[in-house]
Structures are given as C-alpha cells and as structure tokens.
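What follows is calculated from the coordinates using simple rules that are stated; it is not laboratory data. Predicted, not measured: the structure shown is a model, and the values here were computed from it. Backbone-built Cβ (ideal geometry, glycine too); neighbour counts: all protein chains shown.
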Amino acid sequence: MDIKEAINARHSVRQYQDRPIDNELVGKLNALIEECNQQSGLHMQLILDDPDCFNSFLAHYGKFVGASNYIALVGDKDRSDLDECCGYYGQRIVLESQRMGLNTCWVAGTYSKGKCAAEIGAGEKLVCVISIGYGQTQGSERKSKPAAKVCNVKEADMPDWFKEGLDAALKAPTAINQQKFMLSLEDGEAVITAKRAPLAKIDLGIVKYQFEAASGHKCR
C-alpha cells in the first residue's frame, strides 16, 4: 500500500479487536515515533495495554470499544506551534500505521486525560491521543465539503499536483468533521490557513501533512 492508497483506505475506527499489536509492528511504530520526535522536538509515545485511558463516560460517549493502545502526543507547552506540529507528525504516524494494517482514530476529548499513562515532563503538555490497533471494521467514509468551500483556487488554475493535494486534504480527519481550513495557491506554492474553530490548529497540521504526502509539494 503506497501513501495515496493509505489516504483513501484510512477511516476513523473506534471499535477494536481484543488482540495485541504484533511485536514486529510495535518495533516499527516505536522507531517511527522516535524518528518523528527527533525531527519535531515532540515527546510522542506509544502506550500499550492501557484500557483505563478509555474507561470513562466521555470514552463511552465517543463509542470506543476495546481501545487499549494509543499514541500520546506530548510536547513543550510553551511552543506556539505545538498543536499544529502534533497534528502534522501525528498524521504521518496515522498513515504509516494504515500501511502496516492497523487502524486509528484521533481523540481530543473523549478519553480520560487523568488516566493517561504517558510520561509528561515538567513544562510539557498532553495535546491529545490517537487510538491504534486492529479494528473490528475498517471504518466508513464520511461526508466531505465541496472543494470550493475549502479552496479559493479555480480548478482551471490548479496544477495536477495541487489537485491531488486538495483531494487528499478533503479526506483528512478533522475535529467533528469541521474542515475549518482554506487552501490557496500563491506564486506557485500551496498555502493553507486555519479558520477560527475548536482544535483548528491540530487539524491544520493533519491536513498539511496529508496534502504534502499526496502532492509531493510542501505547503506553508
């Protein structure tokens, strides 16, 4: 499965099989997380066999079943770009996990922060988590906004790479499926901005990574 196939195949999954992640995949995930931490300065961690994090009213409200593994997105609380950085590198891990045959779901509110087993150092903050494991299903495709609602570039003016990036951006997960972002093209470069909305900066990072992964072009 290449990255574009992973983008198309990946959907949010909240119900998981009672099955531990294979040791080989755990090793690959930890290596990927360490690489992302080195590049980003974040303190992301893979937490295994910790169902307590999803044992709360909010988790049941979020319809989580069998969730016991997750990636904790942790970083310096004074970073101005912390949320966006977590979204960007978190989505890289999400798509690579899909390529490994695993399922994921971004979780910002429907889990117990107080029960999270991640190591959070002085001056650090837990931004959110990503549940991960073998899904009971592969999830389902969600409804997306028309391209014109998130992009101010006319289709006739879009290079092919931009079209591919836009298509991927529309498939990116965002909080409550809000898709509060805007894509534009300035001097041949893709530009993405976040609108005012809850968790919009995390969404911005997610969408930015997905655009870049599909298009092969950087997005500022």
- Message: Just want the answer: with Cβ charges of +1 for Lys and Arg and -1 for Asp and Glu, which residue in GLY114, HIS43, ILE7 is farthest toward the dipole's positive end in the chain?
- Response: GLY114
- Which whole-number percent is the relative contact order of the chain (Cα, under 8 Å, 6+ apart)? 26
- Helix-only CD estimate at 222 nm, as mean residue ellipticity for the chain, using -39500 (n - 2.57) per DSSP H run (n ≥ 4): -10500 deg cm²/dmol
- Report the label-to-label distance for ARG142 and GLN38 in nanometres (one decimal), using points 7 Å from each Cα along the Cα→Cβ vector. 3.3
- Note on the structure: Averaged over all viewing directions, the convex hull of the alpha carbons in region 3-133 casts a projected area in nm² of 7.6
- Label of the coordinate-derived value, Cα extents along the principal axes in Å, listed as [x] 51, 40, 38; [y] 50, 38, 33; [z] 45, 36, 29: [y]
- Query: Straight-line reach from LYS115: which lysines have a Cα under 27 Å away, not including same-chain ones fewer than 8 places off?
  - Reply: LYS28, LYS63, LYS77, LYS125, LYS201
- Model label zone, LYS195; criterion: amide N under 17 Å from point 7 Å along Cα-to-beta-carbon; scope region 4-45: none
- Counting alpha carbon pairs within less than 8 Å and at least 6 residues apart, what relative contact order, in whole percent, applies to region 3-133? 36
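Please get the size of the charge dipole for region 3-133, origin at its Cα centre, with Cβ charges of +1 on Lys and Arg and -1 on Asp and Glu, quoted in debye to the nearest 20.
Value, rounded to 20: 460 debye.
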- Rough spin-label spacing in nm, given labels placed 7 Å along Cα→Cβ, for ASN8 and GLN178: 3.1
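Want the number for GLN15 to ASP78: 0.36 nm per residue separation, take away the alpha-carbon distance, what's left?
Values: separation 63, 0.36 × 63 = 22.68 nm, distance 3.43 nm.
Once the chain is fully extended between GLN15 and ASP78, it gains 19.3 nm.
By per-residue mean of other Cβ atoms within 10 Å, what is the highest-first order of 70-83, 33-46, 176-189?
Ranking the peptides 70-83, 33-46, 176-189 by packing returns 70-83, 33-46, 176-189.
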